[in-house]
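So the structure is just underneath, and the comments pick up after that.
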Amino acid sequence: MKTSQKTSQKSRQKSPRRSAAPPVRARAAKAAAAHEPGHEVDLFGVPMDLGGARRGTDMGPSAIRIAGIEEKLEHLGYDVVDGGDIHVESRETTKVGDATARYSREIARCCDQLRRKVHASVAKGHRPVVLGGDHSVAMGSVAGVAEHFRSRGESIGLIWVDAHGDMNSPATSPTGNVHGMPLGVLLGYGTSELVKLGGFAPKVKPEHTALIGIRDLDSGEKDLIKKSGALVFTMKEVDQFGMSEVARRALERVTYGTAGFHLSVDLDGVDPMVAPGVATAVNGGLNFRETHLLMELAADSKKMLSMDVVELNPVLDTRNRTAEFAVGLVLSAFGRRIL
Ligand SMILES: [Mn+2]
């Protein structure tokens, strides 16, 4: 199973390359694509591992770049600019601070920088793709996208792919690790320096939010998830209804009454058989095709504004396999088709 999945992924990624159009035609396709808004993609890396317990997610952006994200998106017809990395202080040079929201000061500073960059990108009609980093970076990316549409009187939707709820608060978190809190923060709950990022809260409304792949919740966080009113598809619903139906319902939820949606992919939402290079692996996750189908249907909706891929931990990966899978997901979300 593992081998065949890997092979099919490779052949899907490489076959267009072998039959690559001559450079002139490629340039023409790119020029034509450039007239449509959203055909410019800006990459931002956030080498952040302050939000989690295990070291190594700070190497995520590098591993995703090594897996070829820029050239593969260009091959799909996008104009891609890599905006480089946000500077993140390391644990060696930063104070833990509040033990119930560890490193929250430095995390807030980095997320605020990311917010500015993402905002500027979206304001130009580009689509930002944020490379994490632990999931705390999504507080910056979603804030930046939300800020732009808020200035036009519009809301955004949010799809949150994850094994976890990421809705802890300093009061409920068993660890004080901020990567277990970002969705709660975006919905307006938690540490005020994070909630108030960009000077407004919440960043998204629960009626525009859908979680997919959930299978590991802390007891204190369950209450907030239920109370929040966000739409939750645990693995039970994925098994029961199938990803096609789950994606349909989620997309309806995040596009109804919004300008579009942000897609936040925590790689731990995917089964560890497919994506082993994550710090907090939980068995029984989304399989290879379920995850790709969700991305493909997100692309079909033509409403995806921005995306992040987070929690890649190259230290725990096998020959960069999870990074290559992550790049494949980005390509599917940006419209790569089998046929
Ligand atoms: Mn997460």
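Table for the structure above
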| quantity | calculated |
| --- | --- |
| Placed amide H near Val41: partners under 5 Å, 5+ positions off or other chain | Asp79, Val80, Val81, Arg127 |
| Segment Lys196-Val81, extension gain: residue separation times 0.36 nm, minus the distance between their alpha carbons | 38.5 nm |
| Reachable aspartates and glutamates, given that their alpha-carbon falls under 16 Å from the alpha-carbon of Lys236 and they are not under 8 places away in the same chain | Asp162, Asp216, Glu245, Asp271, Glu290 |
| Two-site label geometry, Glu207 and Arg116: point separation in nm, points 7 Å out along Cα→Cβ | 3.5 nm |
| Per principal axis, descending, Cα span of the chain in whole Å | 57, 45, 42 |
| Length released on extending from Glu74 to Asn283, taking residue separation times 0.36 nm less the Cα-Cα span | 71.8 nm |
| Length added when fully stretched, Lys236-Arg150, from 0.36 nm per residue minus Cα-Cα | 27.5 nm |
| Residue-by-residue Karplus 3J(HN,Hα) for region 322-339, coefficients 6.51, -1.76, 1.60, Hz, glycine and proline x | 5, 5, 5, 4, 4, 5, x, 5, 4, 4, 4, 5, 9, x, 5, 10, 5, 10 |
| Amide H within-cut-off set for Val232, under 5 Å, with H built and near neighbours excluded | Leu211 |
| Residues with amide H under 5 Å from that of Gly188, placed H, sequence gap 5 or more | Lys203 |
| Per-residue HN-Hα couplings for region 84-98 [Karplus 6.51, -1.76, 1.60; θ = phi - 60°; Hz; x = Gly/Pro] | x, 9, 6, 6, 10, 5, 8, 4, 5, 10, 10, 8, 4, x, 4 |
| Under the Karplus curve 6.51 cos²θ - 1.76 cosθ + 1.60, θ = phi - 60°, whole-Hz ³J(HN,Hα) for region 209-222, x wherever Gly or Pro sits | 10, 9, 9, 9, x, 5, 8, 8, 10, 7, 4, x, 7, 4 |
| Exceeding the 19 Å Cα-Cα cut-off - candidates Lys203/Lys227; Lys205/Lys303; Lys196/Lys222; Lys226/Lys302; Lys227/Lys303; Lys205/Lys227 | Lys196/Lys222; Lys226/Lys302; Lys227/Lys303 |
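Rule-based calculations on the coordinates, nothing more; no lab input. Quantities reported herein were computed from a predicted structural model and do not represent experimental measurements. Quick reminder, even Gly has a Cβ in these numbers, built from the backbone with ideal geometry, and neighbours come from all protein chains shown.
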